[in-house]
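The values are calculated or read from the model by the stated rules, or taken from the named source; none is laboratory data. Just so you know, these numbers come straight off a predicted model, no measurement behind them. Cβ placement follows ideal geometry from the backbone for every residue including glycine, while neighbour counts extend to all protein chains displayed. Heads up: the accessible areas ignore ligands, DNA and RNA and are worked out on the full protein's heavy atoms, side chains in. Shrake-Rupley method; radii C 1.70, N 1.55, O 1.52, S 1.80 Å.
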Protein chains: 2
Amino acid sequence: MFIGDDASYSETERRLENEHFNSVVRAFKNYRLHALTALAKRRRDLAGVSGENHALLDAMLRPKIDATEQCVLQNAAVIGALIEGHGADEDVANGARKAHAVSETDMDKVKSTLRQFARDWSEEGRNERRTTYEPMIAELEARFAHLSVEDRGRVKVLVPGAGLGRLAFDIVKRGFSCQGNEFSMFMLLGSHFILNRSKHPKQFTIHPWIHSFSNHLNADSQLCRIQIPDVAISDIAGRAEFSMVAGDFLEVYGSPEHEGAWDAIVTSFFIDTAKNPLDYIDTIRKALKPGGAWINMGPLLYHWEGMERETSIELTLEELKSIVVAKGFVLENERMVRTTYASNFAGMLKYVYDCAFFCAIKT
Amino acid sequence: MFIGDDASYSETERRLENEHFNSVVRAFKNYRLHALTALAKRRRDLAGVSGENHALLDAMLRPKIDATEQCVLQNAAVIGALIEGHGADEDVANGARKAHAVSETDMDKVKSTLRQFARDWSEEGRNERRTTYEPMIAELEARFAHLSVEDRGRVKVLVPGAGLGRLAFDIVKRGFSCQGNEFSMFMLLGSHFILNRSKHPKQFTIHPWIHSFSNHLNADSQLCRIQIPDVAISDIAGRAEFSMVAGDFLEVYGSPEHEGAWDAIVTSFFIDTAKNPLDYIDTIRKALKPGGAWINMGPLLYHWEGMERETSIELTLEELKSIVVAKGFVLENERMVRTTYASNFAGMLKYVYDCAFFCAIKT
């Protein structure tokens with residue numbers, strides 16, 4: 001198996017705090033109840049409308065809420081498969097009692113995981129992937145153009161912040177060896193599920209856009225079904241090494257064993273997850289071989305900005321690049337790339353990022 | 001004066017809850033302390049960086065934080081002019097003591113008001129205004145093409161959700177009589193300030209993008225100064241009637257005096273502020289003259305969605321339009337218009353809306 005079988009995965013789990021792991025599993029398990037509770041609130045709001053507007057709205061919205069409920073159950077079934085065998089079973093028996101133990105933030109991450117599946121592993125997400133992943137892979141191929149595709153397996157590529165694993169998967173599919181690294185347990189459970197448990201394309205059906213009733217053109221696009229994965233995972237079997245490693249990027253790759261170990265490091269929407277981007281830059285530089293390439297694509301939406309109890313250092317793109325150069329990189333192929341991120345493909349609101357693309361060569 | 005002098009404005013104030021008014025004034029007054037406190041946190045985070053990275057970052061970020069502090073003081077001076085004479089003076093003496101009495105939500109609204117000034121009243125906002133306001137005004141002019149510009153003053157146009165007043169101002173500038181209606185006291189204080197207290201173009205300088213350090217290309221664009229207003233307010237003196245009315249749209253315009261009183265109602269980014277859009281549609285229809293035009297532009301980002309204690313009815317665009325037709329309107333000139341909203345014009349992240357534009361004629 002590409003990212004270790006369930007046994008070796010369990011070992012990875014143990015490396016992370018058990019309590020945190022359980023809280024994430026609990027969040028996934030509470031999805032069904034949480035989403036149905038939100039629909040019950042919508043039914044109450046609808047029932048509270050008076051006069052002739054009630055009849056008008058009821059005829060329109062009640063069937064849609066009923067259909068949304070079916071979509072929730074469908075999502076919950078996929079989530080059930082995702083967390084199957086991942087402990088915290090004591091919570092299943094009485095979901096209702098445990099509902100309030102799950103934070104809104106964690107429930108948002110469950111729903112966000114569904115949207116990330118659409119971005120990384122559906123046909124509908126192809127456009128976003130073409131815009132963001134494809135230029136990074138093209139850069140990688142250009143850097144190692146002197147190797148035949150068969151010899152690319154010797155090239156060791158690291159993808160920190162690998163999320164649900166698609167970028168790392170696509171890099172392996174092109175023949176490179178690739179290791180994904182991820183800190184979020186939501187993402188780790190998600191990538192494990194799709195990479196190890198999907199047997200064929202379009203095996204699972206999810207409805208990622210049902211949780212917000214805002215900015216939809218019509219009910220069909222609101223309820224739309226997304227089938228995942230869009231590809232056969234087995235397509236990459238035996239081509240090159242592929243692994244996923246759980247843990248904090250600085251901790252894992254700051255260790256001596258990773259010094260000068262990587263031919264290329266590919267970061268997508270990652271550097272702004274740093275509390276201090278200089279720590280990331282230092283670790284990337286240390287982990288790269290001399291002449292190695294750091295290929296980056298992403299905005300600068302610093303994740304820790306404004307958090308009262310956390311350190312957060314934020315740089316503009318110009319400042320970041322000048323630091324990268326000061327740290328001993330040469331910048332090449334700099335450009336801006338406009339893209340959406342995990343957006344409702346048919347919705348009326350999109351978050352559009354002007355991403356910084358560059359290739360930084362370790363001198 | 002166009003929206004009443006300070007005396008008549010005070011009367012408007014009294015119509016709203018005094019306590020709420022005071023809390024908004026208090027939020028504006030606390031801006032300086034709040035923004036300086038955030039900068040002090042940035043200085044602490046910077047001081048906490050150790051090793052050679054400290055020197056590297058300090059040389060880069062300390063001058064920027066110093067410059068940002070000057071921008072905060074500049075913003076605070078404009079805000080001071082904005083709330084001058086608006087009571088709640090007892091809080092001024094000891095801002096520090098009162099800092100925690102202001103909610104994060106209210107502080108966000110203060111900062112959002114600064115961004116709205118850039119959207120509505122600066123040269124830099126012209127592009128957004130051309131995309132959203134201009135098609136609505138063009139539709140209005142087409143509807144009343146049989147009138148000479150001199151006779152347009154007889155046409156009564158209502159703009160619910162008038163915000164900082166620019167759309168209503170531009171409608172008056174084209175010769176129509178226009179009344180803006182607004183519920184938010186942040187927006188009302190802001191529109192009163194710009195419409196009644198600015199003596200000449202570019203009188204005030206603000207820095208609307210300094211509060212987030214994320215997604216900036218460079219320090220210059222982060223600190224950039226915006227001058228407001230871009231036009232002479234006196235340009236519209238004597239042309240047509242112009243007024244701003246404070247209060248809840250349903251309460252004010254659902255009253256008998258407004259029945260069949262308006263030739264046109266123009267809504268920009270407004271219908272999704274409804275707890276139930278059907279109430280807005282009913283009130284719009286009642287307030288329009290027979291044959292009157294409702295011109296709409298906006299997304300469907302329902303403001304009350306997901307709020308536990310509030311009713312919220314959300315419709316897709318298709319559902320909304322079918323209700324509009326069922327309520328006795330004929331839809332014309334339907335199209336989608338893509339635009340940003342109060343975004344950092346030079347930033348790396350933009351919220352892009354596919355807005356619904358239509359003209360609904362009351363049959």
Within region B:12-33, is even one residue open to solvent by less than 70 Å² (accessible area, probe 1.4 Å), of a type in the set (Asp, Glu) and modelled with pLDDT of 95 or more?
no
Note on region B:113-137: residues under 15 Å from the mean Cα position of the chain (by Cα), open to solvent by 30 Å² or more (accessible area, probe 1.4 Å) and either modelled with pLDDT under 95 or within 22 Å of B:Ala81 (Cα to Cα) (or both) are B:Arg115
Name the residue, out of A:Asn276, A:Asn296, that is away from every other protein chain (no Cβ under 12 Å), closer than 30 Å to A:Glu257 by Cβ and among the polar types (S, T, N, Q).
A:Asn296
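Take B:Thr311 and tell me if it is over 30 Å from B:Ser212 (Cβ atoms), hydroxyl-bearing (Ser, Thr, Tyr), touching a residue at least 24 places away in the same chain (Cβ under 8 Å) and facing chain A (nearest Cβ under 7 Å). Please lay out each step first, then the result.
On the way: over 30 Å from B:Ser212 (Cβ atoms): yes; hydroxyl-bearing (Ser, Thr, Tyr): yes; touching a residue at least 24 places away in the same chain (Cβ under 8 Å): yes; facing chain A (nearest Cβ under 7 Å): yes.
Spelling it out, B:Thr311 is indeed over 30 Å from B:Ser212 (Cβ atoms), hydroxyl-bearing (Ser, Thr, Tyr), touching a residue at least 24 places away in the same chain (Cβ under 8 Å) and facing chain A (nearest Cβ under 7 Å).
Quick check on region A:253-273: of everything there that is within 14 Å of another protein chain (Cβ to nearest Cβ) and out of contact with any Ser or Thr (no Cβ under 9 Å at 6 or more places or on another chain), which residue is farthest from A:Met136 (Cα to Cα)?
Of the residues in region A:253-273, the ones within 14 Å of another protein chain (Cβ to nearest Cβ) are A:254, A:269, A:271-273.
Going one step further and asking which of them are out of contact with any Ser or Thr (no Cβ under 9 Å at 6 or more places or on another chain), we end up with A:271, A:273.
On the way: A:Ile271: 15, A:Thr273: 19 Å.
Per the criteria, the residue is A:Thr273.
Please tell me if B:Ser234 is away from chain A (no Cβ under 14 Å), over 30 Å from B:Val72 (Cα atoms) and of a type in the set (S, T, N, Q).
Values: away from chain A (no Cβ under 14 Å): yes; over 30 Å from B:Val72 (Cα atoms): no; of a type in the set (S, T, N, Q): yes.
Judged against the criteria, B:Ser234 is not a match.
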Here is a check on your reading of the model: is B:Leu250 open to solvent by 30 Å² or more (accessible area, probe 1.4 Å), facing chain A (nearest Cβ under 10 Å) and either aliphatic (A, V, I, L, M) or over 30 Å from A:Thr68 (Cα atoms) (or both)?
no
By residue number, the members of region B:275-314 that are surrounded by fewer than 18 Cβ atoms within 10 Å (Cβ to Cβ) and of a type in the set (Phe, Trp, Tyr) are B:Trp304
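Got a sec? Which of B:Lys98, B:Lys64 is at pLDDT below 95 and among the basic types (Lys, Arg)?
On the way: B:Lys64 fails: at pLDDT below 95.
Selected residue: B:Lys98, the only one of B:Lys98, B:Lys64 that is at pLDDT below 95 and among the basic types (Lys, Arg).
Can you tell me which residues in region A:337-363 are aromatic (Phe, Trp, Tyr), open to solvent by 10 Å² or more (accessible area, probe 1.4 Å) and touching a residue at least 60 places away in the same chain (Cβ under 8 Å)?
Start the filter on region A:337-363 by keeping residues that are aromatic (Phe, Trp, Tyr), which leaves A:341, A:345, A:351, A:353, A:357-358.
Of the ones still in play, those that are also open to solvent by 10 Å² or more (accessible area, probe 1.4 Å) are A:341, A:345, A:351, A:353.
Within region A:337-363, A:Tyr341, A:Phe345 qualify.
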So B:Ile210 clears everything in (1) within 14 Å of another protein chain (Cβ to nearest Cβ); (2) open to solvent by 10 Å² or more (accessible area, probe 1.4 Å) except one condition, right? Which one?
(2)
Checked against (1) of a type outside the set (A, V, I, L, M); (2) open to solvent by 60 Å² or more (accessible area, probe 1.4 Å); (3) in a helix (DSSP H, G or I); (4) more than 9 Å from chain B (Cβ to nearest Cβ), A:Glu334 satisfies every condition except (3)
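Counting residues that are basic (Lys, Arg) and touching a strand residue (DSSP E or B) at 6+ places or on another chain (Cβ under 7 Å), which helices (runs of 4 or more DSSP H) fully inside region A:214-314 reach at least 1? Walk me through it before giving the result.
Numbers: elements: A:219-222, A:249-253, A:277-287.
Per the criteria, A:277-287.
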